[in-house]
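Participant: After the structure tokens below, expect a handful of questions from me.
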Amino acid sequence: MKKLHVHFLFTVAALLLLIPGLNLIQLFDWDELNFAESAREMVESKNWLYVQIGYEPFFEKPPLFIWLQAIFYSLGKSTAPWMFKMPNVLAAVIAVNFVYHVGDKLGKRMLGAFWSLTILLTFAPFIYWRSGIIDPVFNLFIVMALFQWYQITQAQLKNERSHLYYLMVGVYLGCAFLTKGPVAILIAGMVIFVITLIRSKWHELFNAKIFLSFGGLAIVLGLWILPLLQSNGSEFLVNFVNYQMVLFKGQIPWHNQPWFYHIVVLFFLCFPASILALPHLFKNQVLDRNVDVWHLLMRSLFWIVLVVFSLATTKIIHYSSLCWWPLSYFGAYQIYLVHTNRWKMPYWMYFPLFLAGLVLILVFWIIPLVAIIRPIPNILSSNMDVYSLGLLKTSPKWHWTTLIPASLFTFWFVPWVFAGIIGKKPNPTFLFLISGSVALVSGLTLLPAVSQTLQEPMVSVIRQAKKDKVFLEAWYFKTYALYFHLELKPEDFNHLKSNTPLLKDELYPKQTLRRAHAMNPENTGNIYMLTKNNYTPDAQFEALFIKNRDLGGYTLWKRK
């Protein structure tokens, strides 16, 4: 089959798998709603220079991903979730074609085809390709930059000029920087330094052509920074850099996790690639010709990302998502070796596969069963916090279809494992078909139910407030749902009052908790406050508001 035809098939397959059901899952608070709201405000305010929240500068993120979301939003001016998820769907289409291209450049199109399969169907990547999170696009740019460096390492062997490769390293890193920040340069720089050190090929790093990389980086960054400086001065950039330092040092308390957090996350959520990749994360067991440098690059990328984000005290699931690329590659390489009869799965590998699969099976069964069985068993309710218990008690009884992912996983995976244990040597490719199928069905049945339970109580109140034209504010907790679902305009923030009570340690004091007072400076008309059900009001709050009604995990208060 011609290469162009394969690219067409991968493109169609990715779109058919990722687009269905995008609207079934609401954008999750905080991150997805944060980025979507920034994109909406970018269009509404006609300010494309920097990211905003509450129509004030939001220093945490550069604008490229928000630009992409804003383009889709501007096409229809709709807050439908799929519009804000489409950048990642398109990134997935590029990714499956890119990795097939990498396999072709390695001289192994079949390996590239298997990698397309694994980067799409590994469980966590599949879920995130269908999300509104920044990281899939960010990671794609970094890996594309590293592939350009790999091309540099091979240029002399192929008698090629490497000038364009150096330039594109900088261009892709510039795009990554504009997507999420300077950590892209840190990670890629460390990988390039490590593989150069191990190979002792310092001439690849220290030569005049490296200035092409700096030039490409400067050109891309200049497309944003120069207009920004000209129009707004240096304030945004200074605050942006300062926040990146705060984030990396781990000074954000709600993101702190133990050092082994990412190891656990990768082991279970990157099933089955995380287990199939194990032999190559420490040492190459089988090497094909001309892939040793690429293996070294992928292995270095995995360990550098894992170590860096394990040392940083700020930890979120997708912080280590760049590890998904080397895991999916080595998982694909193991399938490739099986397909070419050069590797057989050792018996020891069935144990971690069974362990990861068993934990996932239990999770897939327990989550919907807890939501279906009423009343909630005491053994569970007694160990849940007040907020989570409130959400669960008031959520609609989940439909039996939420059990389909657990059923599929159980009845496909368990026979596969036992077939391997008794020596029938099942094909590991089937594991990715299992994970991809379960991830797809979860996105159509289970995750929409989770989204409704977690999001709907607050979203329904916000939408009703918009319909009734009352002032609604969130108090004592941070949310982006208020701005997004009320579809606020810049003029809604024209009368900010400086004497509104605030917490002394509030991290976002300029607008958060003050919008209702800003819109209604004379305190006339209806003002409602939304709190979590675990909030204990102080005397100042009780003097102003009286409880209106309970909303499960939330409480609605009305101005006296």
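Participant: What's the number of the condition residue 124 fails, among (1) of a type in the set (A, V, I, L, M); (2) under 24 Å from residue 36 (Cα atoms); (3) part of a loop (DSSP other than H, G, I, E, B)?
Facilitator: For residue 124, the exception is condition (3).
Residues checked against (1) more than 19 Å from residue 66 (Cβ to Cβ); (2) outside any loop (DSSP other than H, G, I, E, B):
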{"site": "131", "(1), (2)": "no, no"}
{"site": "154", "(1), (2)": "yes, yes"}
{"site": "160", "(1), (2)": "yes, no"}
{"site": "168", "(1), (2)": "yes, yes"}
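Participant: Say we look at region 449-478 and pick out the residues that are β-branched (Val, Ile, Thr) and farther than 26 Å from residue 370 by Cα; which of these is surrounded by the fewest Cβ atoms within 10 Å (Cβ to Cβ)? Give the steps one after another, and end with the answer.
Facilitator: Applying the first criterion (β-branched (Val, Ile, Thr)) to region 449-478 yields 450, 453, 459, 461-462, 470.
Now restrict to residues that are farther than 26 Å from residue 370 by Cα: 462, 470.
On the way: 462: 19, 470: 16.
Result: 470.
Participant: With the requirement that a residue be part of a strand (DSSP E or B) and either at pLDDT 85 or above or farther than 19 Å from residue 482 by Cβ (or both), what does region 531-547 give you?
Facilitator: Initially, region 531-547 is screened for residues part of a strand (DSSP E or B), giving 531-532, 545-547.
531, 532, 546, 547, listed by residue number.
Participant: Oh, and also: Answer yes or no: is there a residue in region 205-227 that is surrounded by 13 or more Cβ atoms within 10 Å (Cβ to Cβ), of a type in the set (D, E, K, R) and within 26 Å of residue 100 (Cα to Cα).
Facilitator: Scanning region 205-227 turns up no residue that is surrounded by 13 or more Cβ atoms within 10 Å (Cβ to Cβ), of a type in the set (D, E, K, R) and within 26 Å of residue 100 (Cα to Cα).
Participant: Select from region 519-530 the residues that are modelled with pLDDT of 80 or more and of a type outside the set (Ser, Thr, Tyr) and list them in ascending order.
Facilitator: Just the residues of region 519-530 that are modelled with pLDDT of 80 or more, to begin with: 528-530.
Answer for region 519-530, where residues must be modelled with pLDDT of 80 or more and of a type outside the set (Ser, Thr, Tyr): 529, 530.
Participant: For region 260-311, which positions are under 23 Å from the mean Cα position of the chain (by Cα), among the basic types (Lys, Arg) and surrounded by fewer than 19 Cβ atoms within 10 Å (Cβ to Cβ)?
Facilitator: The answer is none; no residue qualifies.
Participant: Taking the residues in region 392-418 that are loosely packed, with under 14 Cβ neighbours inside 10 Å and free of Cβ contacts under 8 Å to residues at least 24 places away in the same chain as candidates, determine which candidate is farthest from residue 122 (Cα to Cα).
Facilitator: 418
Participant: On to the next question. Among the candidates 22, 75, single out the residue that is farther than 30 Å from residue 242 by Cβ and at pLDDT below 90.
Facilitator: Working: 22 fails: at pLDDT below 90.
Answer to the check: 75.
Participant: Here is a check on your reading of the model: is residue 198 surrounded by fewer than 17 Cβ atoms within 10 Å (Cβ to Cβ) and in contact with an Asp or Glu (Cβ under 9 Å, 6 or more places away or on another chain)? Break it down into steps so the answer makes sense when it comes.
Facilitator: Numbers: surrounded by fewer than 17 Cβ atoms within 10 Å (Cβ to Cβ): yes; in contact with an Asp or Glu (Cβ under 9 Å, 6 or more places away or on another chain): no.
For residue 198, the condition - surrounded by fewer than 17 Cβ atoms within 10 Å (Cβ to Cβ) and in contact with an Asp or Glu (Cβ under 9 Å, 6 or more places away or on another chain) - is not met.
Participant: Could you pull out the residue among 227, 182, 136 that is at pLDDT 90 or above and either farther than 30 Å from residue 451 by Cβ or not hydroxyl-bearing (Ser, Thr, Tyr) (or both)?
Facilitator: Numbers: 227 fails: at pLDDT 90 or above; 182 fails: at pLDDT 90 or above.
Of the residues listed, the single one that is at pLDDT 90 or above and either farther than 30 Å from residue 451 by Cβ or not hydroxyl-bearing (Ser, Thr, Tyr) (or both) is 136.
Participant: Within region 442-487, can you find the residues that are in a strand (DSSP E or B) and not small (Gly, Ala, Ser)? Write out each step before concluding.
Facilitator: Of all residues in region 442-487, those in a strand (DSSP E or B) come to 471-474.
Residues satisfying the conditions are 471, 472, 473.
Results for (1) surrounded by fewer than 14 Cβ atoms within 10 Å (Cβ to Cβ); (2) modelled with pLDDT of 90 or more, shown as yes or no for each residue.
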position: 339; (1), (2): no, no
position: 342; (1), (2): yes, no
position: 346; (1), (2): yes, no
position: 352; (1), (2): no, yes
position: 357; (1), (2): no, yes
position: 366; (1), (2): yes, no
position: 375; (1), (2): yes, no
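Participant: Please specify each residue of region 56-71 satisfying the condition of being more than 13 Å from residue 37 (Cα to Cα) and aromatic (Phe, Trp, Tyr).
Facilitator: Selection gives 59 alone.
Participant: Give region 36-82 a look and list any residue that's over 23 Å from the mean Cα position of the chain (by Cα) and free of Cβ contacts under 8 Å to residues at least 12 places away in the same chain, or say none.
Facilitator: Once the filter is applied, which keeps residues that are over 23 Å from the mean Cα position of the chain (by Cα) and free of Cβ contacts under 8 Å to residues at least 12 places away in the same chain, region 36-82 yields 46, 47, 75, 76.
Participant: Pairs only if they're at least six apart or on different chains, beta carbon under 7 angstrom, first in region 380-391 and touching a residue at least 24 places away in the same chain (Cβ under 8 Å), second outside any helix (DSSP H, G or I) and basic (Lys, Arg); list them, first residue then second.
Facilitator: 387/532
The values are calculated or read from the model by the stated rules, or taken from the named source; none is laboratory data. Note that the structure is predicted; figures quoted are calculated from it, not measured. Neighbour counts run over all protein chains shown; Cβ positions are idealised from the backbone, glycine included.
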